[in-house]
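Asks: Encoded as C-alpha cells, here's the structure I'll be asking about.
The values are calculated or read from the model by the stated rules, or taken from the named source; none is laboratory data. What you see is a predicted model; the values in this text were computed from it and never measured. Ideal geometry is used to build each Cβ from the backbone, glycine not excepted, and the neighbour counts take in all protein chains shown.
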Amino acid sequence: MEKRVVITGMGIWSCIGQNLDEVKESLYNGKSGIGIDPKRFEYGYRSALTGIVERPNLKKVIDRHTRAGMPEEAEYAYVASKQAFDQAGIDIEYLKNNEVGIIFGNDSSAKPVIEASQIMNEKHDSQLLGYGYIFQSMNSTVTMNLSTIFQLKGINFTVSAACASGSHSIGLAYMLIKQGLQDVVLCGGAQETNYYSMATFDALSAFSVRMDDPTKASRPFDNNRDGLIPSGGAAALILEDYDHAIARGANIIAEISGYGFSSNGGGISQPSDEGCVIAMSRAMKDAGINVEDIDYINAHATSTKQGDMYEAIALDRLFNGKKAHISSTKSMTGHECWMAGASEAIYSILMMQNNFVAPNINFQEPDEYSKNLNLATKTIEKEIDIVLSNSFGFGGTNSALVIKKIK
C-alpha cells in the first residue's frame, strides 16, 4: 500500500526574507528583493541586476574545518535546513539515532572552481589550493556538507537538473517515501549568487537590462518583459511518511500528493508547451485530481520572451476558464535557478496556510499568449486547498508538483 507523503518542516533563506515569517510578509505585500550588484559591471556583465541575498554568518555555528569545505550555496542550505528541522521537531539526537535521507537540487558551484583555477594559473602549484576547494567545487557539495553536519544516514544524492532541480528533489523524495523506502527525507534546492556564477547566462543576453528601477525589472507574462533576473539562496523541506509523522507527534504542514515530469526532446534551450502540459497533467493524474480542483498555480515564468510564452500557451490549454489563479513569484524574487522549484513550493504553502494568492507584480500589459490567463496582479484573499507548482529548465527538463492542504 502506497504511503501518504507530508511536509513537517520548512526553511528558507532568500532575497525576500531570511525565515518563513519574513518571506510570508514579502509575498503578501508584493515586495521585491531585486537590486544592483556593482561588481557585475566591473566583471563585464551587460546587466548588474540580481536578487540581493545576504550571506549568513556561521563562524560561531559551524567549526572552521567544516566551513572550509562549504561554498556559498551550502551556507544558505545549512540555514534553511536548520530552520526546517527545527520546525519539524527533529533534533541532532533524533538524526543520530534514525535514518533520515537528503536530496538537494544544485547544478553548479562556480566560485570555488574559478578561484582554484586562478591560483593554479598564477602560482602553478596545487599545494596552494588548500583543503576546502575540492568539497566546495563539486555539484554534490550541498548534500555532502549537510549529510556530514546533520549526521544523516539515509538516501544521499544531488539532483542536477537545471532550473527544475529543486522541484525534482521534492518529487524524488516524495517517490521514495511513497514507496516505503524512506520515512524522512530532507530535500530542497540551493543557488549561489556571486557574480562568477551567472556570467555565461549574461552572455546569452538572457538578463533584463531594465536597471533604472530594479524592483520593476522582473515582469513575468508582461508584454514588455526583457529578460530574467538571477537570484538565489536556499529552500529546505522535511518530507515524511504520514503515519511516521503522526506516531512521533509532528506538526503536519501540507501534503505532497502529485509529481509530474517530462522532457521536451527538442533544442537545448527551447521551451515546449507540450512538455509543460505533460508534466502538469501527470502531476494531477498522480494526485487523483483534475484541472477544476486546482486553486492556485505557481508558474515557472521567469520573465523571458520564449519561456513565458510557451508556459502561457500550456496554461491556457489546460486552465482557460477554470478557477485557478496564476502568478509567478519570480516577479519578486527573480529567478532563483537551482533552488526555485523548492522555494516556490514553500511560497505556495505559505499562501495556502495564510489564505492569499501572492501577486504577479509588474504586470501591466498582457501579450497575445498571457491575455487569457487568470493572473493575480494584486494580492488576493482566497482559501487555497490545492496548489500546482511548475518548474522547467534547460535541456527540456520539466517538473510539476501538486500540494494539498492537510485534511
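Asks: Among (1) buried (at least 22 other Cβ atoms within 10 Å of the Cβ); (2) out of contact with any helix residue (DSSP H, G or I) (no Cβ under 8 Å at 6 or more places or on another chain), there is one condition Leu237 misses while meeting the rest; what is its number?
Replies: Every listed condition holds for Leu237 apart from (2).
Asks: Could you count how many residues in segment 247-267 are assigned to a loop (DSSP other than H, G, I, E, B) and either under 21 Å from the mean Cα position of the chain (by Cα) or closer than 30 Å to Ala88 by Cβ (or both)? Steps first, answer last, please.
Replies: Keep residues of segment 247-267 that are assigned to a loop (DSSP other than H, G, I, E, B), which gives 248-253, 264-267.
Going one step further and asking which of them are either under 21 Å from the mean Cα position of the chain (by Cα) or closer than 30 Å to Ala88 by Cβ (or both), we end up with 248-253, 264.
The qualifying residues number 7.
Asks: Which one is farthest from Gly227 (Cα to Cα) among residues in segment 20-65 that are of a type in the set (Ser, Thr, Tyr) and under 18 Å from the mean Cα position of the chain (by Cα)? Before the answer, list the steps.
Replies: So the first thing to find is which residues in segment 20-65 are of a type in the set (Ser, Thr, Tyr), and the list is 26, 28, 32, 43, 45, 47, 50.
If we keep only those that are under 18 Å from the mean Cα position of the chain (by Cα) as well, we get 26, 32, 50.
Values: Ser26: 22, Ser32: 16, Thr50: 12 Å.
Out of the qualifying residues, it is Ser26.
Asks: Hey, among Glu54, Glu72, which residue is at pLDDT 95 or above, buried (at least 24 other Cβ atoms within 10 Å of the Cβ) and closer than 20 Å to Trp338 by Cβ?
Replies: Details: Glu54 fails: buried (at least 24 other Cβ atoms within 10 Å of the Cβ).
Of the residues listed, the single one that is at pLDDT 95 or above, buried (at least 24 other Cβ atoms within 10 Å of the Cβ) and closer than 20 Å to Trp338 by Cβ is Glu72.
Asks: Next question. Which one of Ala173, Ala254, Ala206 is under 30 Å from Asn374 (Cα atoms) and in contact with a Leu (Cβ under 8 Å, 6 or more places away or on another chain)?
Replies: Just one listed residue meets the conditions, Ala206.
Asks: Hey, could you check segment 197-207 for residues that are within 20 Å of the chain's Cα centre (by Cα) and crowded, with 19+ Cβ neighbours inside 10 Å and say which is modelled with the highest pLDDT?
Replies: For segment 197-207, the residue satisfying everything is Phe207.
Asks: Now for a different question. What number goes with the only condition from (1) farther than 27 Å from Thr193 by Cβ; (2) touching a residue at least 12 places away in the same chain (Cβ under 8 Å); (3) part of a helix (DSSP H, G or I) that Gly154 does not pass?
Replies: Failed condition: (3).
Asks: Among the residues of segment 91-107, is there at least one that is surrounded by fewer than 21 Cβ atoms within 10 Å (Cβ to Cβ), among the aromatic types (Phe, Trp, Tyr), assigned to a helix (DSSP H, G or I) and modelled with pLDDT of 95 or more? Before the answer, list the steps.
Replies: From segment 91-107, those surrounded by fewer than 21 Cβ atoms within 10 Å (Cβ to Cβ) are 91-99; that's our starting set.
Now narrow it down to the ones that are among the aromatic types (Phe, Trp, Tyr): 94.
Next, from what is left, pick out any that are assigned to a helix (DSSP H, G or I): 94.
When the remaining residues are screened for being modelled with pLDDT of 95 or more, the result is 94.
Yes, the conditions are met somewhere in segment 91-107.
Asks: Do the conditions hold for Tyr174, that is, is it in a helix (DSSP H, G or I), farther than 12 Å from Cys337 by Cα, of a type in the set (Phe, Trp, Tyr) and over 19 Å from the mean Cα position of the chain (by Cα)?
Replies: Values: in a helix (DSSP H, G or I): yes; farther than 12 Å from Cys337 by Cα: yes; of a type in the set (Phe, Trp, Tyr): yes; over 19 Å from the mean Cα position of the chain (by Cα): no.
No, not satisfied.
Asks: Taking segment 220-234 as the search range and keeping residues that are farther than 23 Å from Ala190 by Cα and in contact with a Ser or Thr (Cβ under 6 Å, 6 or more places away or on another chain), which one is surrounded by the most Cβ atoms within 10 Å (Cβ to Cβ)? Step through it out loud before you land on a result.
Replies: Quick first cut of segment 220-234, residues farther than 23 Å from Ala190 by Cα only: 221-226.
If we keep only those that are in contact with a Ser or Thr (Cβ under 6 Å, 6 or more places away or on another chain) too, we end up with 221, 225-226.
On the way: Phe221: 29, Arg225: 27, Asp226: 16.
Ranking the qualifying residues of segment 220-234, first place goes to Phe221.
Results for (1) outside any helix (DSSP H, G or I); (2) under 25 Å from Ile289 (Cβ atoms); (3) modelled with pLDDT of 95 or more, shown as yes or no for each residue.
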position: Ala342; (1), (2), (3): no, yes, yes
position: Met352; (1), (2), (3): no, yes, yes
position: Gln364; (1), (2), (3): yes, no, yes
position: Leu373; (1), (2), (3): yes, yes, yes
position: Asn390; (1), (2), (3): yes, yes, yes
position: Lys404; (1), (2), (3): yes, yes, yes
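Asks: Which numbered condition in (1) over 27 Å from His168 (Cα atoms); (2) at pLDDT below 95 is the only one that Lys111 fails?
Replies: With respect to (1) over 27 Å from His168 (Cα atoms); (2) at pLDDT below 95, Lys111 is out only on (1).
Asks: Just to verify a result, which residue in segment 285-323, among those that are aromatic (Phe, Trp, Tyr) and in a helix (DSSP H, G or I), is surrounded by the fewest Cβ atoms within 10 Å (Cβ to Cβ)? Before you say what the answer is, go through the steps one by one.
Replies: So the first thing to find is which residues in segment 285-323 are aromatic (Phe, Trp, Tyr), and the list is 296, 310, 319.
Restricting the remaining residues to those that are in a helix (DSSP H, G or I) gives 310, 319.
Values: Tyr310: 23, Phe319: 21.
The selected residue is Phe319.
Asks: With the requirement that a residue be farther than 18 Å from Ala312 by Cβ, over 22 Å from the mean Cα position of the chain (by Cα) and among the charged types (D, E, K, R), what does segment 350-407 give you?
Replies: Correct list: Lys378, Glu381, Lys382, Glu383, Lys407.
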